[in-house]
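One structure is given below, encoded as structure tokens.
What follows is calculated from the coordinates using simple rules that are stated; it is not laboratory data. Computed from a predicted structure; not experimentally measured. Cβ placement follows ideal geometry from the backbone for every residue including glycine, while neighbour counts extend to all protein chains displayed.
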């Protein structure tokens, strides 16, 4: 049996996972998302990534960004390197795509702030 | 002289929600913010996890704030940014708010006030660390400001003192940006931050957490060169012989937040020594008629969702406020609770949908919250666990209990143990 803490929401349920043949039995979860999290965490852990990206605008040296979906935990540092190679030099609204299909992982890098919102938008 | 029904001081999540709610309920509203942009501390909280309760979505801080800022900008709410409140005074019809900004000094009249001034970080001086005073000692919020807004990495190799959430978030953030976080040192035997942050911010990046440890000295002349850490006993005193020198160029402090209530105090608002915020009733009105409090100025919340919720309540109550005699009864929290908000109920108001916020004093497994009126239990709720870092929220209908000013209302927690 293994025990882990759910990171899906701030409740932080303590999950207990038992292997029953091919399937994983999860207890201690407050909702369905907890069971999904436990299974994914023990087979292929995924994480979101939020960071900043350099810009060419002096008033906004960095812009908050995030990935559009979770990526495998092991890809976090390679993705950080790819993000650090980018400089935003055009206005972009919140939710606007800055980098398509980062490292072929099927996720986009999107602006998570309205700081560089286009003036007419 | 400009006149308003409601002036909201502070443009963070509490103030934004309060201003929106006051306007929706018919008040001519002014929102005052000292920084250049609305959003408060959310502007630099670029990690996600905001809005899970309110929007069932995992938003970043700037995304969460933007939803409210867009509404404020669309609505008929006056906003004054880069504006600092220097004085609050009572007048016959309400309050005079003196502000200073680029246009000069102005006095604004208002019928009601909502104080949404947020909280401050405890600093190095307030935790009395010995040694020199080199550069390189930052609060977690300052390190976050440098990293996330200015794009400057404040340290290459650091130690974090305190396991508050901002410290844990910054441990991950600095690691992502290439700094080495040598360890998080917590003087208490249990972590201060949310359990999920211990896992996703420390364990994920192999950052060690040293419980019952503290920083006893800082070393270095111009720049920090090392800190001395030591184990502490159960009374949090350093144990001689356990000292260790850790070489680093940064010490990040995440040692607690204190509600900011200087303006409230200038009006004579009564503060609760437990929350360090104003004593409030179910409508979030303070001891001064017409003055309301919300968000982290009222008590330090764990989730922004509850900050917005209290802002809405305070804004609504301020907009609907009409002077009336109070008939208040105290809502006492037993020593098993760290605190409970509100601290009072005004029996002349509707208390059928009162939202209670509380925290337990210690980590408790399998326990029950009990509400007693004059010694008689009128409500109980079981909890599989209660942890002080995780605030609890409960909707309560107090109108069903036939309360009077003389009622003795007490909230208590008992450990039931394993059945």
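Say we join alpha carbon atoms closer than 10 Å with springs in a Gaussian network model of chain B; which of B:325, B:154, B:208 then has the biggest fluctuation? Looking only at B:325, B:154, B:208, the biggest GNM fluctuation is shown by B:325. So the label point goes 7 Å from the Cα of residue B:90 along Cα→C-beta, right? Which residues of the range B:265-294 then have their backbone N under 14 Å from it? Residues B:265-270, B:286-292 fall inside that zone. Taking the fewest neighbouring Cβ atoms within 10 Å as the starting point, the ordered list for B:412, B:165, B:289 is B:289, B:412, B:165.
Cβ-Cβ distance of residue B:242 and residue B:206, R₀ of 22 Å, FRET efficiency by 1/(1 + (r/R0)^6): the value works out to about 0.45.
Take every DSSP beta bridge whose two residues both sit in the protein assembly as shown, then give the antiparallel share in percent to the nearest 5. If I count the DSSP bridges inside the protein assembly as shown, around 65 percent turn out antiparallel. Report D for the range B:1-103 in µm² per second (integer): Stokes-Einstein, Kirkwood Rh on Cα pairs, 10 °C, 1.306 mPa s. The diffusion coefficient I find is 110 µm²/s.
Between residue A:20 and residue B:235, the simple label model (points 7 Å from Cα in the Cβ direction) yields a spacing of 5.2 nm.
Listing B:292, B:68 from fewest to most neighbouring C-beta atoms within 10 Å gives B:68, B:292.
If you sort the three axes of the alpha carbon gyration tensor as a ≥ b ≥ c, you get a/c of 1.5 or more for chain B and a/b no higher than b/c, which makes it oblate. Mean projection of the Cα convex hull over all viewing directions, computed for the protein assembly as shown: 28.1 nm².
Across the range B:49-174, the relative contact order, built from alpha-carbon pairs under 8 Å that are at least six residues apart, equals 10 percent. How far is helix B:165-176 tilted, in degrees, relative to the longest principal axis of the Cα atoms in chain B, given as a value from 0 to 90 rounded to the nearest 10? The angle comes out near 50 degrees. The spacing between the range B:211-262 and the range A:45-121, judged by their C-alpha centroids, is 35 Å.
For the range A:49-98, the extents of the C-alpha atoms along the principal axes are 33, 19, 12 Å, listed from largest to smallest. Our summary gives chain B a relative contact order of 15 percent, counting only alpha carbon pairs under 8 angstrom and 6 or more residues apart.
Of B:22, B:230, B:324, the residue with the greatest mean-square motion in the GNM of chain B, using alpha carbon springs below 10 Å, is B:324.
Shape analysis of chain A places it in the prolate category; the axes a ≥ b ≥ c from the Cα gyration tensor give an a/c of at least 1.5, with a/b above b/c. The angle between the Cα long axis of helix B:13-24 and the main principal axis of chain B comes to about 20°, on a 0 to 90 degree scale. Rounded to the nearest 10 degrees, the angle from helix B:304-319 to the longest Cα principal axis of chain B is 20 degrees.
Tell me the relative contact order for chain A as a rounded percent, counting alpha carbon contacts under 8 Å between residues six or more apart. Relative contact order for chain A comes out at 18 percent. Comparing B:75, B:183, B:39 in a Gaussian network model of chain B where C-alpha atoms under 10 Å apart are linked, the largest mean-square fluctuation is found at B:75. The residues B:78, B:272, when put in order of fewest to most other Cβ atoms within 10 Å, stand as B:78, B:272. Can you bin the range B:1-42 into rounded, prolate or oblate? Criterion: square roots of the alpha carbon gyration tensor eigenvalues sorted a ≥ b ≥ c, rounded for a/c under 1.5, prolate for a/b above b/c, oblate for the rest. Oblate, since a/c reaches 1.5 and b/c is not below a/b. By the Cα gyration tensor, the range B:154-232 has an equivalent ellipsoid whose semi-axes, rounded to whole angstrom, run 20, 17, 9 from largest to smallest.
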